[in-house]
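Undergrad: Here it is: the structure, laid out below.
The values are calculated or read from the model by the stated rules, or taken from the named source; none is laboratory data. Being a predicted model, the structure only gives us computed values, none of them experimental. Backbone-built Cβ (ideal geometry, glycine too); neighbour counts: all protein chains shown.
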Amino acid sequence: MTRTWYVRTITDAARARIATARLAAACGVPPVERTRLVAALTAQLRQCLTKGGEWRVRAETTLSSAGGDLGVEVAPAKRRPDDRQPPWRACVPCAEDAHLAAAEPAAAEPAADDPATLAEALFGADEDAALLLDRLDEQEGLVAFHREELHQTNQGVLALHADLDAAGRAQRELFDAEQQARKEAENARGRLTFLADASAALTASLNHEAIVRLLPALLVPRYARSVDVWLFDDVDDALRGGPHPAAAVLAARRGRPQYAADHPGGLPGVDDQPPSAIDPGRPLLCIPLLSRRASQGVLTLSPPDERWDADDAVMLIELTRRASIALENARRFEHNRDIAETLQRALLTELPTTPGLTLAARYLPATRGLNVGGDWYDAFRQPDGSLITVIGDVTGHGLHAAVMMSQLRTALRAYAVDGSSPGELLTRLHLFLHRLRLDLYATAVIARFHPDDPTLTWAAAGHPPPVLRTPDGQVLTLDDKPGAMLGIPLKQEIRDHTVPLPPGSTLALYTDGLVERRAQGIDPGIDRLAEELGRFRPTELAQELEASADRLLHPLLHDSEHDDDVCLLLCHVHGGYGSAAGPPS
């Protein structure tokens with residue numbers, strides 16, 4: 001259903017407004033929507049009257065059994081070609097029974113001019129306004145309620161934010177504390193790791209000069225800007241003149257660390273002293289290098305920055321203590337080594353010269369450890385003209401082993417005076433060492449050469465077997481049944497063994513340091529020695545036995561470090577030696 005009104009005057013506008021309101025009411029448009037529609041239409045009509053001219057108001061209802069819509073359109077009665085402004089339109093929903101309005105055409109007719117009709121329209125408009133105001137009151141109450149709810153919610157949110165801020169601050173404080181604790185733990189772990197690594201490096205060396213050179217390399221620049229190591233033989237050296245800070249002298253005298261600076265160091269276990277006159281602007285930490293008996297020096301350090309951290313100072317004092325122990329051990333080691341080397345050099349005498357027999361010996365100390373052990377060799381004549389050659393090895397290293405080796409050498413020479421055979425000599429040495437009960441044992445091989453006998457007599461006690469090279473280049477390992485080690489708690493009589501000894505033969509006596517390796521054992525080394533000895537030409541061994549000894553050692557030792565001493569004794573028989581045949585022993 002469509003209704004159209006034309007408006008030129010304000011009266012036309014009022015009639016169209018009243019008719020639209022009646023039509024909206026007849027179509028069951030809710031009062032609020034109806035009031036909004038009429039108010040919007042009134043504003044639009046007021047604009048139309050201001051512009052002037054004739055305007056068309058069209059109201060159209062689209063109805064169905066389920067309801068419908070009421071649409072209102074305001075446009076010029078006659079549109080000009082240059083008018084591009086679209087018509088004003090509004091639409092509101094109708095009630096389900098809006099189709100009944102179609103049966104009352106008068107409901108949408110313009111209002112008459114009589115007062116009763118206008119009053120009725122006025123009262124109808126007031127009723128709509130009253131309903132709208134009531135609805136607005138309800139909405140205002142609802143808004144007030146929601147405003148209060150929102151205020152309470154805001155208060156709760158503010159409280160929650162305050163709690164969250166407090167929790168965040170507490171979490172940040174805990175995080176900062178955790179970070180600080182983790183940093184301190186990392187620093188402590190770093191100090192402990194450094195202390196362990198530095199201690200291992202210091203104790204790995206038995207050279208006190210190397211330890212002194214190592215200290216600055218360890219500490220600079222991480223824990224010190226400069227390092228000075230002052231070593232002296234006794235405490236009186238600390239009183240002598242020299243470019244050393246007074247705090248270093250006090251550290252040597254008192255045996256306590258001293259801190260020299262123009263401000264207190266606050267370091268635990270350290271005495272504060274005035275700044276050094278040598279360098280007043282630089283703080284110094286002077287730590288004594290204490291031994292078991294007295295101070296052996298002072299370690300003087302300057303801080304990497306302005307001052308030391310207390311924990312770093314504690315670590316430096318502990319490192320100095322460990323360096324003191326390493327220095328003391330190195331000095332004691334060097335002292336014992338010097339004594340043992342002097343003793344050993346005195347015992348390794350020159351080999352005798354025998355017509356028809358050439359001897360060459362080599363002694364190499366171990367490449368690791370004390371470098372002085374119980375390996376020894378000897379050669380001397382017996383009263384009947386025989387030549388005794390011996391090579392032996394006392395268990396252990398150091399001064400104790402060297403002293404025992406000296407006693408065995410002296411006892412062997414004494415026992416050999418009566419012309420005893422190699423087996424008898426070893427048996428008597430076994431009894432001698434067993435009765436001493438020194439918890440030291442020995443191995444040995446004794447070989448006897450006689451100028452009137454073309455045979456070699458030998459005996460072994462727990463020692464690697466001799467190796468004999470015949471003139472035709474064949475190499476024999478003389479591994480006939482040997483005796484046990486000398487000095488063990490076992491009664492034994494060591495037997496003699498003999499082998500033909502034609503001119504041009506070469507006998508090699510050696511200690512286990514030449515042939516034994518931890519990863520391989522001893523047998524492969526003996527085989528390798530025999531192989532190398534068999535490669536020599538007969539003329540080399542006859543004319544250059546000394547050079548041959550060096551050539552024999554090189555392939556056996558050049559490819560590895562040996563943990564034990566090495567002894568080698570070569571005996572070469574020339575033509576004419578032993579030509580007068582005698583009975584074999």
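Undergrad: Across segment 425-482, what is the total count of residues that are touching a helix residue (DSSP H, G or I) at 6+ places or on another chain (Cβ under 7 Å), charged (D, E, K, R) and not in a strand (DSSP E or B)?
TA: Counting residues in segment 425-482 that are touching a helix residue (DSSP H, G or I) at 6+ places or on another chain (Cβ under 7 Å), charged (D, E, K, R) and not in a strand (DSSP E or B) gives 1.
Undergrad: Only residues that are outside any helix (DSSP H, G or I) and either small (Gly, Ala, Ser) or without any contact (Cβ under 8 Å) to a residue 40 or more places away in the chain (or both): list them for segment 44-59, please.
TA: If the condition is that a residue be outside any helix (DSSP H, G or I) and either small (Gly, Ala, Ser) or without any contact (Cβ under 8 Å) to a residue 40 or more places away in the chain (or both), then Gly52, Gly53, Ala59 are the ones that fit.
Undergrad: For segment 434-452, enumerate the residues that are under 22 Å from Gly419 (Cα atoms), surrounded by 22 or more Cβ atoms within 10 Å (Cβ to Cβ) and not hydroxyl-bearing (Ser, Thr, Tyr).
TA: Within segment 434-452, Ala444, Val445, Ile446, Ala447, Arg448, Phe449 meet the criteria.
Undergrad: Right, here's the next one. Restricting attention to segment 490-513, and to residues there that are farther than 19 Å from Gln474 by Cβ and in contact with a helix residue (DSSP H, G or I) (Cβ under 6 Å, 6 or more places away or on another chain), which single residue is surrounded by the fewest Cβ atoms within 10 Å (Cβ to Cβ)?
TA: Glu493
Undergrad: Filter segment 197-235 down to the residues that are of a type in the set (Asp, Glu) and modelled with pLDDT of 90 or more, then identify the one that is nearest to Ser291 (Cα to Cα).
TA: Filtering first and then ranking leaves Asp228.
Undergrad: Are any residues in segment 407-422 under 17 Å from Asp393 (Cα atoms), modelled with pLDDT under 95 and not polar (S, T, N, Q), and if so, which ones?
TA: Result: Leu408, Arg409, Ala411, Leu412, Arg413.
Undergrad: Looking only at segment 341-364, count how many residues are touching a strand residue (DSSP E or B) at 6+ places or on another chain (Cβ under 8 Å) and at pLDDT 75 or above.
TA: Count: 12.
Undergrad: Take the residues in segment 544-585 that are surrounded by fewer than 18 Cβ atoms within 10 Å (Cβ to Cβ) and of a type in the set (S, T, N, Q); name whichever of them is modelled with the lowest pLDDT.
TA: By that ranking, first place goes to Ser585.
Undergrad: For segment 260-284, which positions are in contact with a helix residue (DSSP H, G or I) (Cβ under 7 Å, 6 or more places away or on another chain) and either closer than 22 Å to Leu219 by Cα or among the basic types (Lys, Arg) (or both)?
TA: Residues satisfying the conditions are Ala260, Gly266, Leu267, Pro268, Gly269, Val270, Ser276, Leu284.
Undergrad: Now for a separate question. For Asp312, all conditions in the list (1) of a type in the set (D, E, K, R); (2) assigned to a loop (DSSP other than H, G, I, E, B); (3) under 21 Å from Leu192 (Cα atoms) hold save one; what is the number of the exception?
TA: It fails just one condition, (2).
Undergrad: Something else: Kindly list, by first and then second residue, each pair from a residue in segment 78-94 that is farther than 15 Å from Arg36 by Cβ to a residue that is among the β-branched types (Val, Ile, Thr) and surrounded by 12 or more Cβ atoms within 10 Å (Cβ to Cβ), limited to pairs with Cβ atoms under 8 Å and residues at least 6 apart or on different chains.
TA: So the pair list comes out as Pro87/Val74.
Undergrad: Scan segment 333-352 and give yes if some residue there is part of a helix (DSSP H, G or I), closer than 30 Å to Asp565 by Cα, of a type in the set (A, V, I, L, M) and under 34 Å from the mean Cα position of the chain (by Cα), otherwise no.
TA: no
Undergrad: On the basis of being under 51 Å from the mean Cα position of the chain (by Cα) and part of a helix (DSSP H, G or I), does Leu509 make the cut?
TA: In short, no.
Undergrad: Just checking, which of Leu486, Leu456 is assigned by TED's automatic domain parsing to the domain that holds Arg535, more than 53 Å from the chain's Cα centre (by Cα), hydrophobic (A, V, I, L, M, F, W, C) and at negative phi?
TA: Matching residue, one of Leu486, Leu456: Leu456.
Undergrad: Can you name the residue in segment 290-309 that is in contact (Cβ under 8 Å) with a residue 60 or more places away in the chain and touching a Ser or Thr at 6+ places or on another chain (Cβ under 6 Å) and is also surrounded by the most Cβ atoms within 10 Å (Cβ to Cβ) among such residues?
TA: Here the answer is Leu299.
Undergrad: Only one residue in Ala330, Ala323 is part of a helix (DSSP H, G or I) and at pLDDT below 90. Which one?
TA: Ala330
Undergrad: Exactly one of (1) aliphatic (A, V, I, L, M); (2) closer than 27 Å to Ser276 by Cβ; (3) surrounded by 12 or more Cβ atoms within 10 Å (Cβ to Cβ) is unmet by Ala201. Its number?
TA: Only one criterion in (1) aliphatic (A, V, I, L, M); (2) closer than 27 Å to Ser276 by Cβ; (3) surrounded by 12 or more Cβ atoms within 10 Å (Cβ to Cβ) is unmet by Ala201, namely (2).
Undergrad: Taking into account only those residues within segment 1-52 that are over 24 Å from Leu131 (Cβ atoms) and of a type in the set (S, T, N, Q), which is surrounded by the fewest Cβ atoms within 10 Å (Cβ to Cβ)?
TA: Ranking the qualifying residues of segment 1-52, first place goes to Thr50.
Undergrad: Right, another one. In this structure, is Leu529 assigned to a helix (DSSP H, G or I) and surrounded by 15 or more Cβ atoms within 10 Å (Cβ to Cβ)?
TA: Criteria met by Leu529.
Undergrad: Exactly one condition in (1) of a type in the set (A, V, I, L, M); (2) out of contact with any Phe, Trp or Tyr (no Cβ under 7 Å at 6 or more places or on another chain); (3) modelled with pLDDT of 85 or more is not met by Ala103; state its number.
TA: Checking Ala103 against (1) of a type in the set (A, V, I, L, M); (2) out of contact with any Phe, Trp or Tyr (no Cβ under 7 Å at 6 or more places or on another chain); (3) modelled with pLDDT of 85 or more, the one that fails is (3).
Undergrad: Might you check whether a residue that is in a helix (DSSP H, G or I), crowded, with 16+ Cβ neighbours inside 10 Å and touching a Leu at 6+ places or on another chain (Cβ under 6 Å) occurs anywhere in segment 215-237?
TA: no
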